[in-house]
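Beneath this line is the structure, given in C-alpha cells, with notes to follow.
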Amino acid sequence: MSNEELNSPGYEIPPELQGQVAVTTFDRIYNWGRRSSVWPMMFGLACCAIEMIAAQASRYDMARFGMEVMRPSPRQSDLLLVSGTVTKKMVPVIVRLYNQMPEPKYVVAMGACASGGGPFKEGYNVVAGIDKFLPVDVYIPGCPPTPQALVAGMIKLQEKIDKQSIKQVRWYDRKNKADSVYVPVPVLGPDLIDLRRVDELKELAAPKQAEEISEA
Amino acid sequence: MATPTLTETLDLSAKFPGAVTADARPGYTGWIVEAGKLLEVAAFLRDEMGYDLLSSVTGVDYLPDEKMEVVYQAYKTTGGPGIFFKVQAPRLDPIEVPSVVPIWPGADLQEREIWDLYGVKFTGHPDLRRILTWEGFSGHPMRKDWKEAFYEEDAKPFKSRWPEGRIKMAEERNPFGDNVTFDEGFDPEKWTSNDPEEALYTSLKKYTAETSDGIKTDHILVNMGPQHPSTHGVFRAVVILDGETVVSLKPVMGYLHRNHEKIGERNTFLQNMPYTDRLDYFNSMSNNWGYALAVEKLMGVAVPERAEYIRVIMAELSRIQNHLIWTGMMLNDLGAYFTPALYAFEERELILDIFEAVAGSRMMCNYFRFGGLARDLPEGTLEKIKDLVFDRLAAKVDEFDRLLTENEILVARLKGISKLSPEDAVAYSMTGPVLRAAGVPYDIRRAEPYGIYDRFDFDVVTQTDGDMYARYLVRLEEMRQSLRILRQAIAGLPEGPIITGKPQYQVRVPAGEAYGRIEAPKGELGYYVISNGKPNPWRYHVRAPSFINLTALEKMCVGGKIADFVAILGTIDIVLGELDR
Ligand code: SF4
C-alpha cells in the first residue's frame with residue numbers, strides 16, 4: 001500500500017520521516033488487511049463452481065487479490081462464495097456452514113441460481129436464491145458468470161470492505177441484537193421449513209386461511 | 001461374457017406366449033412384459049441372448065391411461081442395437097414391480113430413483129429408500145399429477161409470458177410466498193421429524209458391532225460430505241470404518257437435485273437444449289449431442305455433412321478437455337494440491353476459447369440444434385483448432401505422460417487398488433473409461449456408431465487390470481485417440497450448410513419414443529424422450545453415467561483404506577450436475 005493510500009489527510013508528516021511513519025485510522029489499516037486476504041471457503045455447489053476454479057487458475061489468478069487461499073473448513077474462511085444452485089436438501093448444510101464461520105464474514109451469490117433461482121427456479125427442490133436465508137453482500141449475474149465477472153464481483157466486495165467501520169458493522173454491534181449473525185438452520189419436513197417463519201407458515205397452512213387466499 | 005447365440009430376429013412373444021407382447025403403439029418399439037414374468041424374461045435375455053449390460057431403467061407415468069410403466073434398455077457389450085422392454089402396472093397405490101437387481105445389480109440406484117420420483121415399489125430390492133429427495137418428502141414428484149410449488153401451467157411457453165406478457169413473480173402466486181407447499185392444516189410446531197437419516201444409518205448398522213479374535217471392536221461411522229474438498233461438489237458418502245479399513249459404504253446424493261427432468265417435461269423440445277448443458281457442465285457439447293440425437297430420431301431429420309464433422313470436432317475437443325481436468329483433479333485427490341490442476345486448466349482455457357468463439361459461451365455452449373448446429377465456425381477458428389490439434393495438445397498429452405505415468409507416488413497410490421473385474425463392471429452397468437479399464441472393449445462410438453464415427457480410424461482403448469492405474473492409462477490414451485479422430489475430422493471437413501431446413505424455435509416431433517445415446521467422456525450418456533405429438537416432451541429422461549457408475553462404488557471401496565476412497569471417487573469421474581440432475 002502506498003503512503004498516499006494509507007495516510008489519512010490532515011496530518012503533516014515531515015518529508016524525512018515519510019519513509020518510516022504513517023498516520024492512519026484504525027479502520028483504514030484494519031480494512032486494508034482484511035480486504036487483501038479474503039479467504040473463500042472451498043465449496044462448490046454446481047456449474048458456477050467450475051468457473052470459480054477457473055478464476056483461481058493461471059489465466060485469471062485470484063491470487064492477485066489475496067484470495068487464492070481456499071479453506072476447506074468454515075472456521076478459517078472469511079467468504080462464503082455460493083457458487084451454484086441452492087437446493088432444499090443442501091440449504092440446511094449451507095446455513096450451518098455460514099453459522100460456523102467466524103466474523104467478519106461475507107456472502108457472495110455467484111450466478112443466476114444463487115442470486116434468484118436461475119434457470120432451475122421452478123424446480124421443486126430449488127431454493128430461489130440464497131438471500132432467502134443468508135444476507136448477501138455481492139450478487140454476480142451470469143449463468144455462469146465468466147471468471148472476469150467473478151473477479152469484478154470480488155473487487156466490489158473489496159470496495160464494500162473498504163467502506164466499513166469497525167464501530168458500525170453488525171457483528172460487533174451490541175445494541176442491535178435483532179440483526180444477528182446466526183441464522184436458524186432450516187429443517188427438512190414434508191417440504192423445507194424455515195424456522196424463522198414458523199408462525200406465519202402455521203397461519204398460512206390453516207384451512208380457513210387457505211380458502212380466503214383462493215377466493216382472493 | 002456371454003456371446004449371443006441367436007441373430008437379431010428375436011421374437012420374445014413366441015418364446016413367452018401370453019407373458020410378452022410386442023409394443024404396438026405407433027412410434028414405439030420393444031416388448032411389453034407381464035410383471036410376474038419379468039425376472040424370467042430378464043434372465044433369458046441376459047443368459048441366453050447376451051444382453052449383459054442393462055443400460056437404463058426408468059419410469060414413465062401414463063396418467064391418461066391410468067398406467068405406470070417401467071422401461072428397461074439392455075445392450076450387448078459385444079455391440080449392436082439394444083432391446084427395449086417394459087412393464088406396465090395399474091396406477092393404483094401401491095404400484096409394485098419386481099426388482100431386477102438380482103439379475104442386473106446395476107439397476108440398484110436407478111430403481112431407488114424410480115421409487116423416489118414415481119413411487120413404484122420394487123419388490124425384492126435390497127435397500128429401497130428415497131435417493132434424490134429426502135425421507136419424509138411428501139409425494140413422488142415426477143408423477144404427472146404432482147404439482148410443484150411454483151407450478152404455473154402444464155406446458156411452456158406460459159401464457160402469462162407469451163402472448164400476454166404479464167409476468168407475476170412466482171413468489172407472488174404461491175400462497176406461502178416461497179418455493180414451498182404444505183398440506184392444509186400443517187402445523188410446524190406439532191410436526192415431529194422422524195430423522196431423515198435414520199433409515200440410512202439403520203441400513204448400515206448391521207455392520208457396526210463385530211467381534212474378531214475374541215475382541216469386540218467398535219466400528220466408526222464417518223460422514224464425508226456434502227461439503228468436503230474431495231467429493232467434487234456436493235456428494236456425500238457415509239462410511240463404516242474398522243480402523244482405517246472401509247467396512248461398508250453408502251453414497252448419499254440429491255444435494256444438487258434440481259430436477260431438470262420435471263422442468264424438461266414442461267419445456268418445449270428446443271428449450272431443453274440449454275438445460276442439457278448444465279448436466280455435465282464440463283462437456284456441454286457432448287450433452288447437446290445425445291439429446292439432439294434422440295429428438296432427431298423421432299423427427300427423422302438428417303444432419304448435413306459439415307455439421308456432422310463439426311459435431312465430432314467439438315465432442316472430441318470436449319473429451320480431451322474433460323480428461324485433462326480429470327487428471328489434474330485426480331492428482332488433487334492424491335494430495336498433489338492444485339499444481340497439476342493448473343497445468344490442466346491452462347489447456348482447458350484454450351479449448352474453451354474455441355467453444356466461446358463458436359457458441360458464444362465458454363461453458364454452456366447450447367450449440368447443437370435438431371438437424372444441425374446453431375451457427376457455423378467463425379473466421380479464424382479452424383486455424384486455432386488446427387494449431388491446438390496438430391501442435392500443442394499432442395505435446396501436452398505427452399508431457400502429462402512423461403511427468404506422471406512412471407511417477408513413483410502416483411503408481412504406488414493407484415496400482416492394484418480398487419480392482420473391478422470385467423464381470424462385475426458389466427453387471428453393475430459401468431460404462432466409459434472405468435469399464436474399458438476393466439478390459440471390456442465397449443465404446444459406443446464403435447459398438448453402435450452414431451453421427452459419422454463409423455468413418456474414422458481409432459482404437460478402443462482398454463486395459464486389463466481394472467484398477468485405478470488402468471483407469472488413468474485408459475484416459476491418457478483416449479486423449480491421443482481423440483486427437484487422432486480430430487486430425488481426420490479436420491482433414492475431411494467439407495463446405496456446405498450446417499443445418500437441415502430453416503432454424504426453428506418450435507419443432508414438430510411425431511409421437512413415439514426414442515433413445516439417443518453417445519459415448520460421453522464419463523460413459524454412456526443417454527436421453528430417453530417420449531413425444532405425444534405436442535410441443536413438449538411427455539417424458540424426458542437422462543441416463544447419466546456419473547449416477548449409474550456410482551452403483552459399484554461400495555464394491556470398489558470395501559476392504560480398502562479410507563484414504564483411497566477419495567481417489568477411487570476421483571477415478572470414477574463424477575460430476576454432480578449430472579449425478580443429481
Ligand atoms: S447460474 Fe447457471 S451456471 Fe451457475 S449454477 Fe446456476 S445453472 Fe449453473
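The values are calculated or read from the model by the stated rules, or taken from the named source; none is laboratory data. Keep in mind that this is a model prediction, so the values were computed, not measured. Reconstructed Cβ throughout: ideal geometry from the backbone, glycine too, with neighbour counts over all protein chains shown.
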The conditions are (1) at pLDDT below 90; (2) under 26 Å from A:Val187 (Cα atoms); (3) within 11 Å of the ligand (Cβ to nearest atom), and A:Met52 fails exactly one of them. Which is it?
(2)
Contact list, first residue from the range A:136-153 and farther than 13 Å from A:Val108 by Cβ and hydrophobic (A, V, I, L, M, F, W, C), second anywhere and within 11 Å of the ligand (Cβ to nearest atom) and assigned to a helix (DSSP H, G or I), beta-carbon distance below 7 Å, six or more apart or interchain, is A:Cys143/A:Gly111; A:Cys143/A:Ala112; A:Cys143/A:Gly118; A:Cys143/A:Pro119
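Quick one: would you say B:Gly79 is buried (at least 20 other Cβ atoms within 10 Å of the Cβ), assigned to a loop (DSSP other than H, G, I, E, B) and in contact (Cβ under 8 Å) with a residue 24 or more places away in the chain? Step through it out loud before you land on a result.
Working: buried (at least 20 other Cβ atoms within 10 Å of the Cβ): no; assigned to a loop (DSSP other than H, G, I, E, B): yes; in contact (Cβ under 8 Å) with a residue 24 or more places away in the chain: yes.
No.
Of everything in the range A:80-96, what is away from the ligand (no atom under 16 Å from the Cβ) and within 12 Å of the chain's Cα centre (by Cα)? Give them in sequence order. Walk me through it before giving the result.
Taking the range A:80-96 first, the residues away from the ligand (no atom under 16 Å from the Cβ) are A:92-93, A:95-96.
Residue satisfying the conditions is A:Val95 alone.
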When you go through B:Arg392, B:Arg446 one by one, which is the residue that is within 20 Å of the chain's Cα centre (by Cα), part of a helix (DSSP H, G or I) and either surrounded by fewer than 24 Cβ atoms within 10 Å (Cβ to Cβ) or at pLDDT below 90 (or both)?
B:Arg446
Scanning the range B:558-581 for residues that are over 16 Å from B:Ala438 (Cβ atoms) and away from every other protein chain (no Cβ under 14 Å) gives B:Val558, B:Gly559, B:Gly560, B:Lys561, B:Ile562, B:Ala563, B:Asp564, B:Phe565, B:Ala567, B:Leu569, B:Gly570
Regarding the range A:146-162, can at least one residue be identified that is within 11 Å of chain B (Cβ to nearest Cβ) and either in contact with a Lys or Arg (Cβ under 9 Å, 6 or more places away or on another chain) or more than 16 Å from the ligand (Cβ to nearest atom) (or both)?
yes
From (1) under 30 Å from B:Arg278 (Cα atoms); (2) in a loop (DSSP other than H, G, I, E, B); (3) modelled with pLDDT of 85 or more, pick out the condition that doesn't hold for A:Gly44.
(3)
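Just to verify a result, which residue in the range A:78-88, among those that are within 11 Å of chain B (Cβ to nearest Cβ) and outside any strand (DSSP E or B), is farthest from B:Asn179 (Cα to Cα)?
Let us first name the residues in the range A:78-88 that are within 11 Å of chain B (Cβ to nearest Cβ), namely A:80, A:83-88.
Right, trim to outside any strand (DSSP E or B) and you get A:84-86, A:88.
On the way: A:Gly84: 17, A:Thr85: 14, A:Val86: 12, A:Lys88: 9 Å.
Checking each candidate, the answer is A:Gly84.
Pick out the one residue from B:Arg402, B:Arg362, B:Arg392 that is within 16 Å of the ligand (Cβ to nearest atom) and of a type outside the set (S, T, N, Q).
Details: B:Arg402 fails: within 16 Å of the ligand (Cβ to nearest atom); B:Arg392 fails: within 16 Å of the ligand (Cβ to nearest atom).
Matching residue, one of B:Arg402, B:Arg362, B:Arg392: B:Arg362.
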Every pair of residues 6+ apart whose Cβ atoms lie under 9 Å, when the first sits in the range B:109-138 and is at positive phi while the second is hydroxyl-bearing (Ser, Thr, Tyr) and modelled with pLDDT of 85 or more
B:Gly124/B:Ser99
Looking at the range A:97-141 only, could you name the residues that are away from the ligand (no atom under 15 Å from the Cβ), hydroxyl-bearing (Ser, Thr, Tyr) and more than 13 Å from every other protein chain (Cβ to nearest Cβ)?
A:Tyr106
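Taking A:Ser77 as the residue in question, decide whether it is buried (at least 22 other Cβ atoms within 10 Å of the Cβ), polar (S, T, N, Q), within 16 Å of the ligand (Cβ to nearest atom) and within 25 Å of A:Val169 (Cβ to Cβ).
Values: buried (at least 22 other Cβ atoms within 10 Å of the Cβ): yes; polar (S, T, N, Q): yes; within 16 Å of the ligand (Cβ to nearest atom): no; within 25 Å of A:Val169 (Cβ to Cβ): yes.
No.
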Conditions (1) at pLDDT below 90; (2) crowded, with 22+ Cβ neighbours inside 10 Å; number of the one not met by B:Ser248:
(2)
Within the range A:22-49, restricting attention to residues that are aromatic (Phe, Trp, Tyr) and away from the ligand (no atom under 16 Å from the Cβ), which residue is farthest from the other protein chains (Cβ to nearest Cβ)?
A:Phe26
